[in-house]
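Have a look at the structure below, then the notes.
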Number of protein chains: 2
Amino acid sequence: MTTSNNKSLTDVSISMVPEVVIQRLPLYVRLLSHFSNAGEDVISSEQLGSHLQITPAQIRKDLSYFGRFGKQGRGYDVKMLENQLREILGLNHTWNAAVVGMGRLGRAVVSYPGFTPEGFNIVSAFDVSDNIVGQTISELEVKAISQLKKTVEELDIKIGIVAVPIDQAQEVIDALVDSGIKSILNYAPLSPQVPEGVTVRGIDPVLSLQSMTYYIR
Amino acid sequence: MTTSNNKSLTDVSISMVPEVVIQRLPLYVRLLSHFSNAGEDVISSEQLGSHLQITPAQIRKDLSYFGRFGKQGRGYDVKMLENQLREILGLNHTWNAAVVGMGRLGRAVVSYPGFTPEGFNIVSAFDVSDNIVGQTISELEVKAISQLKKTVEELDIKIGIVAVPIDQAQEVIDALVDSGIKSILNYAPLSPQVPEGVTVRGIDPVLSLQSMTYYIR
């Protein structure tokens with residue numbers, strides 16, 4: 001998949017690459033996929049940048065962490081770059097996820113249709129409440145948190161999705177970490193404490209709202 | 001509020017500033033607020049950049065759309081820059097919002113505790129289903145979509161939050177636009193069509209997941 005100019009993926013130390021660079025890569029993948037579907041073969045860092053409003057230099061710098069993808073003055077091969085970024089991000093296979101918190105938000109999360117087509121399968125659901133444990137929600141039998149570690153191992157769950165209220169969130173995140181989960185999608189509006197090596201992404205609608213009021217002020 | 005070096009806010013044509021620059025400003029506000037609370041008075045574009053993993057040049061370019069905030073070699077006044085960005089983004093007052101779709105997701109949205117402290121008040125809730133219209137959810141009486149335009153005017157609602165399934169989303173967004181709403185937070189996984197002058201932000205947990213698998217691949 002990689003050309004001779006590219007560093008082998010295993011040559012790139014994960015910690016070398018700034019986290020925010022990694023967070024931009026899915027945007028590149030989505031845009032490249034769009035261009036690929038539109039029949040484009042080659043794209044320049046200027047074109048990529050103009051769609052994402054990122055300077056071409058920033059894009060070249062982001063990609064340079066993983067080797068040399070383009071030829072000077074020639075641009076990037078759209079399909080090849082998309083495939084390589086998918087490989088780098090681990091998007092070429094599926095991932096199992098568990099949701100903790102089966103209140104309104106958790107129920108919305110397990111019924112969200114956008115995860116499966118992208119390779120993210122929610123295979124298990126948990127709650128702390130005795131009233132909810134044992135119920136079947138979106139074809140998942142809700143389990144007690146005490147079953148978390150065992151289930152994570154049995155079902156090869158790699159991602160935890162936190163959909164509990166803010167006052168339970170840290171405790172649940174601790175339990176996920178104890179179960180061996182290293183990737184957490186957090187819907188609770190707090191910045192949790194996690195050990196090194198665990199990645200947390202918050203879903204933050206407030207940041208989105210704050211960038212819209214500019215247009216109506 | 002502005003120094004003599006700054007352009008008056010009204011001098012900056014809204015369309016001049018790339019949308020993605022506007023989307024980065026709330027991140028700057030949040031970081032500046034953090035530094036301000038930590039007692040820092042001055043911050044450089046290098047420091048801002050290192051926390052957000054954006055090049056200092058990109059940060060200076062982003063801010064330059066709105067005038068000159070810092071003195072060459074001196075850095076930015078933390079409090080002043082935060083206040084100016086808040087003013088630019090329209091965050092110094094409150095905004096009223098309506099949620100459309102009172103299923104699981106909509107109920108989660110209206111009970112989300114993170115909006116009000118940031119000045120976003122959900123003042124009205126709507127649904128298309130006769131079963132749900134008339135119910136009281138989180139102290140809001142759910143109204144029929146036919147009441148949307150009237151309510152938007154009466155309650156000075158500026159933001160619409162879309163929490164309906166994907167197959168109803170475009171229709172609901174059209175109704176919001178017809179009601180005069182120009183800012184839409186969209187939880188449905190589609191890119192809706194809207195007329196010029198309407199801003200839509202999608203909440204996309206898939207992008208967040210895609211930037212975590214890098215660490216576990």
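Each value in this text was obtained by applying a stated rule to the coordinates, not by laboratory testing. Values in this document were obtained by computation on a predicted structure and should not be read as measured data. Quick reminder, even Gly has a Cβ in these numbers, built from the backbone with ideal geometry, and neighbours come from all protein chains shown.
Using the alpha-carbon centroid of each, what span in Å lies between segment B:19-64 and segment B:196-217?
Here the two parts' Cα centres lie 21 Å apart.
Please go through segment A:77-186 and write out the GluC sites (Glu not before Pro) that DSSP classes as loop and that have at most 11 other C-beta atoms within 10 Å.
Passing sites in segment A:77-186 are A:Glu139.
When B:Met212, A:Met80 are ordered from fewest to most other Cβ atoms inside 10 Å of their Cβ, what list results? Please report the intermediate quantities before stating the final value.
Numbers: B:Met212 25, A:Met80 18.
Fewest-to-most Cβ neighbours within 10 Å comes out as A:Met80, B:Met212.
Over the Cα atoms of segment A:9-89, Rg to Rh with Kirkwood Rh, two decimal places? Walk me through the numbers before you get to the answer.
Numbers: Rg = 11.9 Å, Rh = 12.7 Å.
Using only Cα positions, Rg/Rh for segment A:9-89 is 0.93.
Count the net charge of all other residues whose Cβ sits under 14 Å from the Cβ of A:Met212, scoring Lys and Arg as +1 and Asp and Glu as -1.
Details: positive: A:Arg217, B:Arg24, B:Lys158, B:Lys182, B:Arg201; negative: A:Asp204, B:Glu19, B:Glu118.
Neighbour charge sum, excluding A:Met212 itself: +2.
Based on DSSP, what percent of beta bridges with both residues in chain B are antiparallel, to the nearest 5?
DSSP beta bridges in chain B are roughly 20 percent antiparallel.
Give me A:Glu46, B:Glu19 ranked fewest to most by other Cβ atoms within 10 Å of their Cβ, as a rough exposure proxy.
A:Glu46, B:Glu19
What does the structure give for B:36-44 when I average, per residue, the other chain Cβ atoms found within 10 Å of the residue Cβ?
Mean partner shielding for this stretch: 0.
Taking the Cα centre of the protein assembly as shown as origin and charging only Cβ (+1 Lys, Arg; -1 Asp, Glu), how large is the dipole, in debye to the nearest 20?
Magnitude of the dipole: close to 1240 debye.
Report the net charge of residues surrounding B:Leu190, where surrounding means a beta-carbon distance below 15 angstrom and charges are Lys +1, Arg +1, Asp -1, Glu -1.
-3
Give the separation of the Cα centroids, segment A:177-192 to segment B:131-184, in Å.
Their Cα centres are 32 Å away from one another.
Taking H as built 1.01 Å from N, whose amide H comes closer than 5 Å to the amide H of B:Ser44, not counting residues under 5 places away?
B:Tyr76
Please list, ordered by chain and number, the residues whose modelled amide H lies under 5 Å from the amide H of B:Ile161; skip anything fewer than 5 residues away on the same chain.
B:Ala98, B:Val99, B:Val100, B:Leu185
Choose one of A:Gln58, A:Leu25, A:Gln84: the residue whose Cα lies farthest towards the positive end of the charge dipole of segment A:9-89 (beta-carbon charges +1 Lys, Arg; -1 Asp, Glu; about the Cα centre).
Sorting the options by dipole projection puts first A:Gln58.
Less than 18 Å apart at the alpha-carbon level, and either on another chain or at least 8 residues along: which aspartates and glutamates does that give for B:Lys143?
Straight-distance partners of B:Lys143: B:Asp127, B:Asp130, B:Glu153, B:Glu154, B:Asp156, B:Glu171, B:Asp174, B:Asp178.
Just from the alpha-carbon atoms, what are the Rg and Dmax of chain A in angstroms?
19.8, 63
Which order do A:Arg68, B:Arg74, B:Arg201 fall in if you start with the one that has the fewest other Cβ atoms within 10 Å?
In order of increasing Cβ crowding within 10 Å: B:Arg74, A:Arg68, B:Arg201.
Grab the eigenvalues of the alpha-carbon gyration tensor for the protein assembly as shown, scale each by 5, take roots, and send me the semi-axes largest first in whole angstrom.
On the way: eigenvalues 215, 190, 98 Å².
Calculated on Cα positions only, the semi-axes equal 33, 31, 22 Å.
Please go through the residue pairs A:Lys149/A:Lys182; B:Lys79/B:Lys158; B:Lys79/B:Lys182; B:Lys149/B:Lys182 and name each one whose alpha carbons sit more than 24 Å apart in this structure.
In this structure, B:Lys79/B:Lys158; B:Lys79/B:Lys182 lie more than 24 Å apart at Cα.
Using the Cα centre of the protein assembly as shown as origin and beta-carbon charges of +1 (Lys, Arg) and -1 (Asp, Glu), tell me which of A:Val110, A:Phe69, A:Val172 is placed farthest towards the positive end of the dipole.
Positive-most Cα among the choices belongs to A:Phe69.
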